[in-house]
């Protein structure tokens with residue numbers, strides 16, 4: 001049996017992205033989403049997710065936008081903003097961040113989602129920051145404290161031979177190196193994860209052809225497929241035409257037929273964690 005969570009990341013990042021995520025859930029194969037508690041579209045995204053019954057987790061974020069609780073020593077910049085992906089990783093490697101303040105911020109992000117009326121069924125992390133040793137145990141602790149048992153495991157499911165060249169290939173090498181230790185920490189804390197994450201090498205490259213090849217390759221087990229559907233937004237650096245390509249692929253009837261033909265059961269983190 002193949003159980004697959006097709007998760008759309010970055011719900012709450014803005015109306016064009018959010019519209020695509022909700023459409024991919026209502027008309028396509030997306031079965032889950034993760035919500036940015038500090039996203040500019042948070043309130044409307046919560047309303048729409050509750051209205052359509054979209055299963056939602058918390059997309060813990062320490063790299064973009066502003067913290068909910070104010071500046072964090074060693075992490076935020078002079079204006080109180082999160083530092084961006086590259087700077088966050090450098091800071092985590094340096095290990096000089098205020099861990100207690102980060103812990104409070106992550107718990108606050110979870111609480112904001114709950115206070116809005118959503119019961120989150122999982123945690124995952126924006127730009128896979130969970131994999132960095134400075135955060136892995138801290139996030140496991142936050143998950144236990146918050147009573148959220150299911151987490152994303154950012155361990156690439158595809159073989160290393162599928163990794164692209166260039167900067168993305170370098171990132172994939174890093175993820176593959178860090179993921180086994182993160183997996184051990186999460187499971188030792190009694191947390192549930194899928195067996196691995198499909199789609200990591202396909203960032204900005206998921207379209208009808210690559211989605212079909214991925215769906216055809218997934219073996220038996222319980223897995224997650226990471227997606228980023230949406231409508232293009234010229235004001236968003238991550239809002240290019242690739243978002244529309246993903247949306248088209250995820251809502252293509254051919255994708256649904258392939259899911260059915262392979263006997264793939266589309267599911268959510270909450271359903272899987274409760275079944276264990």
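No value in this document is a laboratory result; all are computed from the given coordinates. Keep in mind that this is a model prediction, so the values were computed, not measured. In this analysis, Cβ positions are derived from the backbone assuming ideal geometry, glycine residues included, and neighbour counts consider all displayed protein chains.
Before rounding to the nearest 500, sum -39500 (n - 2.57) across all DSSP H runs of length at least 4 in the chain and divide by the residue total; then give [θ] at 222 nm in deg cm²/dmol. Computed mean residue ellipticity for the chain: -14500 deg cm²/dmol.
Ranking 141, 64 by Cβ neighbours within 10 Å, fewest first, what do you get?
On the way: 141 15, 64 19.
Least crowded to most crowded, the residues run 141, 64.
Helix 253-262 axis versus longest C-alpha principal axis of the chain: approximately 80°, rounded to the nearest ten.
Comparing 52, 129, 19 in a Gaussian network model of the chain, where Cα atoms under 10 Å apart are tied by springs, the biggest mean-square fluctuation is seen for 52.
Relative to the longest principal axis of the Cα atoms of the chain, helix 99-115 runs at roughly 50 degrees.
Taking the chain as a Gaussian network of alpha-carbon nodes connected by springs under 10 Å, the highest mean-square fluctuation of the residues 137, 199, 190 belongs to 190.
For the chain, a Gaussian network of Cα nodes joined below 10 Å ranks 149, 104, 243 by mean-square fluctuation, and the top entry is 104. Note: relative contact order over the chain, using C-alpha pairs below 8 Å and six or more positions apart, is 26 percent.
Remark: 225, 88 ranked as 88, 225, counting other beta-carbon atoms within 10 Å and listing the fewest first. Relative contact order of segment 53-174, taken over Cα pairs closer than 8 Å and 6 or more residues apart, is 27 percent.
Computed from Cα atoms, the angle from the helix 241-251 axis to the main principal axis of the chain rounds to 50 degrees.
Working ranking of peptides 179-188, 29-38 by packing, defined as the average number of other Cβ atoms within 10 Å per residue, highest first, is 29-38, 179-188. Normalised by residue count, segment 1-112 yields a Cα convex hull volume of 128 Å³ per residue.
Would you kindly state how much longer the chain becomes between residue 238 and residue 77 on full extension, computed as 0.36 nm times their sequence separation minus their alpha carbon distance, in nm to one decimal? All intermediate terms of the calculation are to be shown ahead of the outcome.
Working: separation 161, 0.36 × 161 = 57.96 nm, distance 2.16 nm.
Between residue 238 and residue 77, full extension yields an extra 55.8 nm.
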